[in-house]
Every structure is written in C-alpha cells, then in structure tokens.
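The values are calculated or read from the model by the stated rules, or taken from the named source; none is laboratory data. What you are looking at is a predicted structure, and each value in this text was computed from that prediction instead of being measured. As a convention, Cβ positions derive from the backbone with ideal geometry for all residues, glycine included, and neighbour counts pool all protein chains shown.
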Amino acid sequence: MSSDAHRTRGLLLMIVAPSGVGKTSLTRRLIADHSDLHLSISATTRPPRPGEHEGRDYHFVSRPTFDAMRERDEFLEWAEVYGNCYGSPRAPIMDALARGDSVAFDIDYQGAVRIREQAQRDSVMVYILPPSLGEMKRRLYARSQDSEEVIQERLSRAKEEVALWDTFDYVILNDDFDRAYAELAHIYHAERLRSGRNCWIEPMVADLLDETI
C-alpha cells in the first residue's frame, strides 16, 4: 500500500454548553492533550474581555470587516448573539480536515447546527450539561463579565438548549471536571477510529482479500 493508504480524515468536534458550565476549560484541555486537534478561532465583533488575546481566543474585528467576510462567504457559519457577531472562518477548518487533523469548536447551539448542515459526515456534536441551572447562575454572577440583562438571557437560552439534548450525538454532565473531561476524551478517541474516517482501511482490506492462503 502507498503512504496515502494510511491517511485519516479529521472531524469537526462541536462542544456546546451554556455559559458558565465549563465548556471552554474542557475544550482547551482536550486540545492541549491532542496534537492532532486544533481550536477553531472565531472572528467576533465584540470587544476583548480581560485576559483575552487576539488570535488565541478570538479574531477581534470591526463590524464592517465582519460583514465583508460574510459577503465573501468566508465563514462556515456565523451568527449574531447578544448583539455581537461571531463566525467560524471556513478556510483553516477545511484545510485541517484535508490534512487529517481535527477541529474543536467552543460554540453555541445554532452555530453547531449550521456547521452540521454543511458538513454532516464530519460533524460530531457534544452537549455539556450543568449540574443545575442554579449553579450555572452562580458562576455567571461570580465571573462578573456580563450585565444583569445578558445573564438573564443566558439563563433563558440555557433552558431552551437543555430541552434539545436529544439532537446531540453525545451528552456529558459536568458535575465533576475530571470525569467530564475523561468522557470527552473517550468520545474524541472513538470518533477518530470510525471506519469512515480512516482512508487506509479500504485498501488494506483489498490487499487482505487478494492474499493467497
């Protein structure tokens, strides 16, 4: 077999959760532990929060710049959330898949659904459940990053998303971070092993069937 026969195709791992449930921490740890998994860095029109950096957390752009990118169809998905626009740049995502690497998305529900509509065979959706909405509310107030109005919007949207749990491929309860992370890592490993993503299997099987025994 040629070296091409050992190629794999990456996957799009979309990790969805209400704010304050630990989605970002889980995603960052998974990426740190897997060299073949890369974070999709979204473009956004919102200003950076304390501790956020250009190119690491987001690509921070003006609304006219974002609109121009959208008109050129440079986003795999985009949405307006709480008055700010977010979009996943198409080119680096598709390039990673072609290399055999995978891409993780720290993303909201509507964005994940739009990506799945465009790349169904490559998409895996994971929902992270909070142990309770009361605990989620406590974390949102503790981090002091949002107004009262935005916090109430986030709580309302969380209820709507939780009701959609059965539209996801996997659901993880984050009542213990280490256990939740272990489950997320198991999901990633299993999805990487799916036969449809391993281009080497078909020629390998053909060689086995050609053997004379």
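Brief remarks on what is shown
- Residue list for segment 1-45, restricted to those being charged (D, E, K, R), in contact with a Phe, Trp or Tyr (Cβ under 7 Å, 6 or more places away or on another chain) and at pLDDT 95 or above: Arg29
- Filtered by the rule that a residue be part of a loop (DSSP other than H, G, I, E, B) and closer than 30 Å to Arg7 by Cβ, segment 36-63 gives Asp36, Ser40, Ile41, Ser42, Gly55, Arg56.
- Scope segment 32-47; condition more than 11 Å from the chain's Cα centre (by Cα) and touching a residue at least 12 places away in the same chain (Cβ under 8 Å); matching residues: Asp33, His34, Asp36, Ala43, Thr44, Thr45, Arg46, Pro47
Conditions (1) farther than 30 Å from Arg46 by Cα; (2) touching a residue at least 24 places away in the same chain (Cβ under 8 Å), marked per residue:
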position	(1), (2)
Asp101	no, yes
Ile107	no, yes
Ala119	no, yes
Gln152	no, no
Glu160	no, no
Asp166	yes, no
Leu173	no, yes
Glu183	yes, no
Ile201	yes, no
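- Test: residue in segment 30-39 that is farther than 23 Å from Asp122 by Cα and buried (at least 16 other Cβ atoms within 10 Å of the Cβ): no
- Residue, surrounded by the fewest Cβ atoms within 10 Å (Cβ to Cβ), within segment 64-98, restricted to residues that are small (Gly, Ala, Ser), assigned to a helix (DSSP H, G or I) and at pLDDT below 95: Ala91
- His53 vs. criteria touching a Pro at 6+ places or on another chain (Cβ under 9 Å) and not hydroxyl-bearing (Ser, Thr, Tyr): no
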